[in-house]
């Protein structure tokens with residue numbers, strides 16, 4: 001099923017849903033608080049999917065991708081239910097989605113922090129044994145960012161279980177900090193490789209400049225470091241995006257509850 005066909009089916013469902021089910025759902029679900037929670041949940045999820053897509057697409061495990069795919073499918077279902085004014089079922093789906101996203105974000109944060117620390121181990125000995133103070137400074141900044149990522153992740157882990165959105169936003173901060181740690185690690189490695197006569201002030205926010213330096217000074221590991229650098233900036237090949245691929249062909253029937261929603265139950 002293409003995304004266009006999915007939207008067409010959604011509107012057909014709106015037209016053909018049983019009136020009794022619609023009336024009952026309207027009576028039980030139109031409380032302002034529920035509606036606001038549904039709308040906020042859907043809005044939050046737009047950002048959560050957008051933010052994590054590159055991390056999962058570029059380097060996620062099969063398990064992470066499976067969790068992400070289920071969350072995407074359930075999000076499409078929740079939006080369908082919202083259009084049908086079935087707010088209570090939509091809210092139930094949103095809770096399931098955010099529980100999936102908490103698991104997904106936790107796994108991604110752990111992996112990003114581990115990857116940052118592994119990168120430090122890989123490059124630190126040569127830098128610490130050398131005399132380049134700038135490289136050591138970048139390395140120290142990287143360690144600091146990775147340490148911050150771990151502390152934020154632990155904070156998220158210990159927030160109340162039902163603080164769904166708050167916990168995910170904390171995992172967002174953790175993942176961002178871990179990626180900054182990896183940015184600094186790459187700068188430290190580059191700085192240690194640049195001859196004294198060619199030293200320039202490096203900026204970890206300049207993607208193209210750093211990529212050119214990777215090509216120039218780390219040619220033997222160019223592909224690996226370029227891939228890390230690419231992911232650190234949340235870049236993604238749209239044709240490989242897990243979110244884009246699933247949205248184009250959602251296969252919602254793989255969600256067990258979907259058939260009941262089609263029947264208006």
Relative contact order, percent, the chain [alpha-carbon distance under 8 Å, six or more residues apart]: 28 percent
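Starting from the Cα gyration tensor of the chain, take the square roots of the eigenvalues, sort them a ≥ b ≥ c, and report rounded, prolate or oblate (rounded when a/c is under 1.5, otherwise prolate if a/b is larger than b/c, else oblate).
prolate
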FRET efficiency, residue 244 to residue 47 (Cβ-Cβ, R0 25 Å, nearest 0.05): 0.95
Helix axis angle, 3-16 relative to the chain longest principal axis, alpha carbon, degrees: 20 degrees
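Checking the a/c ratio against 1.5 first, then a/b against b/c, what shape does the Cα gyration tensor give for segment 123-187?
The shape class here is prolate.
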222 nm mean residue ellipticity, helices alone, for the chain (DSSP H n ≥ 4; -39,500 (n - 2.57); rounded to 500): -26500 deg cm²/dmol
Mean Cα-pair separation over length for segment 104-252, i.e. relative contact order, pairs under 8 Å, 6 or more apart, %: 25 percent
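If r is the Cβ-Cβ distance from residue 61 to residue 125 and R0 is 25 Å, what FRET efficiency results, to the nearest 0.05?
In this case the efficiency is close to 0.30.
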Label-to-label distance, nm, for residues given as residue 35 and residue 198 (7 Å Cα→Cβ offset): 6.4 nm
Extended-chain gain in nm, criterion 0.36 nm per residue less alpha-carbon gap, residue 158 and residue 144: 2.9 nm
Separation of the residue 166 and residue 215 label points, Cα + 7 Å toward Cβ, nm: 4.7 nm
Spatial separation of Cα centroids for segment 104-174 and segment 202-265, in angstrom: 20 Å
Helix axis angle, 164-193 relative to the chain longest principal axis, alpha carbon, degrees: 20 degrees
Inter-probe distance in nm under a simple model that places probes 7 Å from Cα toward Cβ, at residue 260 and residue 234: 3.6 nm
Three-way shape label, segment 113-245, alpha-carbon gyration tensor, a/c 1.5: oblate
Folded to 0 to 90 degrees: helix 133-157 orientation relative to the chain principal axis, Cα: 30 degrees
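All of the numbers you see were taken from the coordinates with simple rules; none came from a lab. Just so you know, these numbers come straight off a predicted model, no measurement behind them. Using ideal geometry, Cβ is built from the backbone for each residue, glycine included, and neighbour counts are taken over all protein chains shown.
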